[in-house]
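Heads up: the structure comes next, in structure tokens.
Bear in mind that the values in this text are calculations on the coordinates, not laboratory data. Small disclaimer: the values here were computed from a predicted structure and weren't measured. Note that we place each Cβ from the backbone using ideal geometry, even for glycine, and neighbour counts take in every protein chain shown.
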2 protein chains.
Amino acid sequence: MTVSRALREPERVSVKSLSRIRAVIARLGYLPDPAAQALAAGRTNVIGVIVPSVTNNVFADVMRGVYAAAEDSRWQVQLGNSRYSPLEEERLVKTFLSQRPAGLIISGIDQSDETRALLRTSPCRIVQIMEISDQPLDMMIGFSHLEAARAATRHLLAMGYTRPGFLGARLDPRTQRRLAGFRDVAAAAGLLEDRRIVTTPQASTVTLGGLLMADLLSRAPETDAILCNNDDLALGALFECQRRGIAVPGKIGICGFNDLEMMAAAHPAISSVRTHRYEMGERAMRMLAAALDASEPAEPVVDLGFEVVERQSTLRP
Amino acid sequence: MTVSRALREPERVSVKSLSRIRAVIARLGYLPDPAAQALAAGRTNVIGVIVPSVTNNVFADVMRGVYAAAEDSRWQVQLGNSRYSPLEEERLVKTFLSQRPAGLIISGIDQSDETRALLRTSPCRIVQIMEISDQPLDMMIGFSHLEAARAATRHLLAMGYTRPGFLGARLDPRTQRRLAGFRDVAAAAGLLEDRRIVTTPQASTVTLGGLLMADLLSRAPETDAILCNNDDLALGALFECQRRGIAVPGKIGICGFNDLEMMAAAHPAISSVRTHRYEMGERAMRMLAAALDASEPAEPVVDLGFEVVERQSTLRP
DNA sequence: CGCTCTACTGGTAGCGCTAACATTTGTCAA
DNA sequence: TTGACAAATGTTAGCGCTACCAGTAGAGCG
């Protein structure tokens with residue numbers, strides 16, 4: 001018992017015992033068995049993180065933030081990949097909950113009803129990331145994809161483009177909200193043309209960006225600006241324009257979404273909507289840790305916002 | 001006991017009991033407690049995966065393969081991020097081993113002596129990935145970075161370039177072996193010039209590729225071809241050339257490494273060395289699963305090879 | 001000196017499961 | 001009907017910890 005206490009509440013053990021215990025631990029190379037700890041204590045130090053993709057740069061950045069914040073804390077991160085499938089997400093939530101995690105970080109606000117029920121009745125704290133709404137399961141940190149797409153579209157119109165189009169892939173709920181934002185603003189300006197909206201359920205790649213651009217150009221050659229639902233598509237679209245000798249931004253303006261590092265380095269530099277992915281992961285983890293240590297509710301919903309970063313690719317000459 | 005058996009060895013339980021048990025499990029929403037299973041059985045279904053970065057595209061692809069192979073199997077993947085630090089790696093190995101994992105997938109062959117000792121004495125099966133050598137800890141799957149860089153350099157020379165340079169960032173052991181391969185072949189052809197080798201310890205980004213290219217051009221403007229130690233640098237270098245109006249491949253040939261998807265989509269399409277990252281992750285996981293189920297050694301070292309993909313960016317006119 | 005109080009240490013049960021062995025039930029041949 | 005054997009099911013102990021409570025030692029006080 002004293003050894004157990006020495007490891008968890010060292011301030012309640014005498015200095016003498018503490019040093020003896022530590023010496024023996026070092027000599028034997030003792031490591032506590034987390035399974036036994038979990039079983040006896042009825043809880044773990046596991047923070048489950050469920051994201052829809054481990055490959056996508058966006059979630060890679062979020063994960064980096066989560067790992068950075070978990071670093072040097074007693075919390076251990078465990079990653080689950082739902083592959084954009086609500087069913088897979090439900091399965092993952094069940095698996096995680098059976099481990100009695102201390103907390104859960106889960107992407108998005110579109111969980112299935114059963115998943116929501118499971119999460120609500122579980123004793124663990126939850127942070128939803130990537131989006132915001134006024135109905136958090138528990139805590140929430142993200143930004144409005146609708147507003148971000150609206151702002152980006154307004155930027156295109158403000159630059160003087162009058163025939164805007166949209167390239168979209170992998171229409172997950174967030175992507176759809178972005179498309180809705182685009183439609184909103186374009187329609188309000190009387191500039192919405194459905195044939196300038198090209199989407200596909202396939203996963204985003206740079207190559208796909210080129211293909212969608214080619215498709216758009218054949219269907220609506222008058223298009224003078226595009227909002228892409230992510231930066232991979234934007235880069236692919238730029239390359240396609242270069243291949244065809246179409247001047248960017250002279251003939252067509254291109255705006256991406258997420259502002260990956262390469263957007264600033266491209267030639268021309270590509271305008272994009274900066275989202276705070278790393279910070280989102282880091283703060284989600286910190287919110288969870290704070291809630292678990294203090295058991296006080298803290299700020300339940302955090303809006304990290306976004307910024308439209310205007311670069312050459314949307315600079316109408 | 002019959003319930004426990006029904007879950008693990010259903011063929012040893014009568015059909016009648018099995019259906020009753022399954023009905024009750026479904027009704028109660030019962031999920032086994034993995035901590036109790038681990039404690040009682042003295043082993044887990046956890047496969048630990050230790051990679052040096054969760055952000056890097058290369059490891060993201062490897063992880064995707066690992067997760068794909070773990071899918072629908074009884075193995076559960078747990079990810080650890082060593083952030084290119086041997087000390088952090090050692091800490092992670094200890095943490096993982098305390099969980100009695102069934103297996104471990106670990107990147108590279110440059111573990112510290114203590115890490116190697118820990119791994120050797122542990123009862124769990126191990127697959128080293130990313131590289132090959134003739135001294136596997138247990139199993140191994142990867143390719144020779146030295147040979148890959150040699151082949152890429154030979155390609156540049158075969159295309160008629162005579163003043164080759166090298167751009168390198170984040171000089172981890174694999175990167176250094178690539179640089180060694182470049183030096184080898186360039187020196188053998190009498191074309192090695194140290195001032196055409198520009199490296200930095202910073203992490204690779206597209207922006208950094210541009211900066212290194214600018215640096216190289218100021219130090220060795222005669223350079224007519226570069227091998228980049230990864231594709232981010234190659235893309236950045238291409239953009240920098242475009243900004244300066246330097247024709248690629250006319251004036252300078254560019255070759256990347258890894259053949260990320262965007263290399264083929266770029267304009268001009270960028271030559272690169274294709275490495276089988278997804279397959280490496282997938283097969284590492286399968287090798288582990290096979291070894292754990294059969295307890296037979298299987299093929300201990302698998303060389304996945306590589307291919308030099310020749311595209312426009314190294315097409316000497 | 002005995003009492004109280006605090007600081008520390010120790011004893012016991014049990015978390016939910018599985019390994020190993022024990023027992024019961026069922027089947028079939030003689 | 002019985003015995004032999006296989007199939008199915010049950011019993012027991014214990015995995016390595018922690019929660020809870022029970023000590024025990026030493027200090028301080030009147």
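Below, the figures for the structure above:
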read-out	value
Cα gyration tensor category, rounded, prolate or oblate, for the protein assembly as shown with a/c compared to 1.5	oblate
Sorted by Cβ neighbour density within 10 Å, fewest at the top, the residues A:I252, B:I25	B:I25, A:I252
Lys/Arg +1, Asp/Glu -1 at C-beta; the protein assembly as shown dipole; positive extreme among A:L216, B:T95, B:P10	B:P10
Using alpha-carbon coordinates, inclination of helix B:277-294 to the longest axis of chain B, degrees	30
Cβ neighbours within 10 Å from other chains - mean over B:30-43	5
Cα→Cβ-extended label distance, 7 Å offset, between B:R177 and B:A189, nm	2.3
Per-pair calculated FRET efficiency, R0 = 30 Å: B:E307 and B:S73 via Cβ, rounded to 0.05	0.50
Ascending list, in nanometres, of distances separating the A:A247 label from those of the other copies (7 Å, Cα toward Cβ)	2.2
Gyration tensor verdict on the range A:237-294 (Cα atoms; rounded if a/c is under 1.5, prolate if a/b is larger than b/c, oblate otherwise)	prolate
Shielding of B:97-103 by partner chains, average beta-carbon count, 10 Å	2
Net length gained if the chain between A:A151 and A:K251 were fully extended (0.36 nm per residue, minus Cα distance)	33.8 nm
Sequence of A:Y161, A:Y30 once ranked by neighbouring C-beta atoms within 10 Å, starting from the fewest	A:Y30, A:Y161
GNM flexibility winner over chain A from A:G142, A:G108, A:G160 (Cα, springs under 10 Å)	A:G160
Cα-Cα P(r), chain B, percent of pairs per 20 Å interval	30, 45, 19, 5, 0
Residue order, fewest to most beta carbons within 10 Å, for A:Y67, A:Y278	A:Y278, A:Y67
Span from the the range A:261-290 Cα centroid across to the the range A:210-243 one, whole angstrom	23
The range B:20-75-the range A:102-159 distance, computed between alpha-carbon centres (Å)	26
Label 7 Å beyond Cα on the Cβ vector: A:T121 copy-to-copy distances, nm	4.7
Residue-averaged beta-carbon neighbours from other chains (10 angstrom radius) around A:258-268	5
GNM top mover of A:T275, A:T199, A:T55 - chain A, alpha-carbon springs below 10 Å	A:T55
Spin-label pair B:Y30/B:R244, simplified geometry with 7 Å Cα→Cβ offset, distance in nm	7.0
Other-copy label distances relative to B:R5, 7 angstrom Cα-Cβ extension, nm	4.5
Point-charge dipole on Cβ atoms (K/R +1, D/E -1) for the protein assembly as shown, about Cα centre, debye to 20	860
Antiparallel bridge percentage (DSSP; both residues within the protein assembly as shown; nearest 5)	10
